[in-house]
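First the structure, in the form of structure tokens, and then the observations on it.
Read-outs: derived from the displayed coordinates by stated rules, not from any lab. Note that the structure is a prediction, hence the values are computed from the model and not measured. Using ideal geometry, Cβ is built from the backbone for each residue, glycine included, and neighbour counts are taken over all protein chains shown.
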Amino acid sequence: MAAVRRSTGAEVLMTGRVGKTRNVFLVWLVWPLITLGVYHLVWYFKVNREAHSLDERIEVNPWLSVLAIALGWVLIVPPFVSVYRTGRRIGQMQRSAGTEPTCNGWIGLALVFVFHLTPLYYQSELNRIWDQYEYVAEGERITLAA
């Protein structure tokens, strides 16, 4: 979880943890093929967990997100809602990291229907965040911009 640190002035600095930069093609195609789709669920859990680890103001239950895409197909709607919200969370993460939020949940949702490109898109957007912290190890604390 992110910690709140008080500075000497009236401002409050939020901190969060750096996530992992992943190869977008491995995330999208290779590991899911090798693991018969199990890796996709693991990746989805990690991405949603990283959202809250970066900024505790981002509310997410990673287990519920995975449950929505794994078993939600029975009810049809939950996976689509989860994919859209994950895209929104990544946009919030970009804002918290001080970059222009370019990740769009609607694009992520549309890419589900185009060769299931959503993981490729979302991971590339996440990598844009983590690339600005290239000299910070995964899991280390950083000060958030917003």
Problem - Extreme residue, positive dipole direction of the range 35-146, given options A97, Y121, G37 (C-beta unit charges) - result: G37
Fill in the blank from the handout: Under the 7 Å Cα-to-Cβ spin-label approximation, H116 and A145 lie apart by a distance in nanometres of 3.4
Practice task
Would you mind checking which residues have amide H under 5 Å from T15's amide H? H placed 1.01 Å from N; only 5 or more apart, or other chain.
Solution key: A3, R5, L144
Exercise for the section: Pop a pseudo-label 7 angstrom from the Cα along the beta-carbon direction at both I107 and F80 and give the gap in nm to one decimal. Expected result: 2.1
Handout entry: Size of electric dipole in the range 20-135: Cβ of Lys, Arg +1 and of Asp, Glu -1, about Cα centre, debye, nearest 20
Key = 160
Handout entry: the chain, helix-only ellipticity at 222 nm - DSSP H runs n ≥ 4, -39,500 (n - 2.57), divided by all residues, nearest 500
Key = -15000 deg cm²/dmol
Handout entry: Efficiency of FRET between S124 and R57 - r from beta-carbon atoms, R0 35 angstrom, step 0.05
Key = 0.90
Fill in the blank from the handout: Cα-only Rg/Rh for the range 8-47 with Kirkwood Rh rounds to 1.34
Practice task
Can you grab the distance from the C-alpha centre of the range 57-130 to the C-alpha centre of the range 22-50, Å, no decimals?
Solution key: 13
Practice task
Check every DSSP H run in the chain and write down those whose alpha carbon atoms cover 30 angstrom or more along the long axis and whose mean Kyte-Doolittle hydropathy is -1.0 or greater.
Solution key: none
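On average, how much area does the Cα convex hull of the range 20-135 cover when viewed from any direction, in nm²? Write down the numbers at each step before the final one.
On the way: hull surface 27.4 nm².
Over all viewing directions, the range 20-135 projects a mean Cα-hull area of 6.9 nm².
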Problem - Phi to ³J(HN,Hα) by Karplus 6.51 cos²θ - 1.76 cosθ + 1.60 over the range 19-31, Hz, x for Gly, Pro - result: x, 9, 7, 10, 6, 5, 6, 5, 5, 7, 10, 5, 4
Practice task
Identify the GluC sites (Glu not before Pro) of the range 28-95 meeting these criteria: DSSP loop state and at most 11 other C-beta atoms within 10 Å of the C-beta.
Solution key: E59
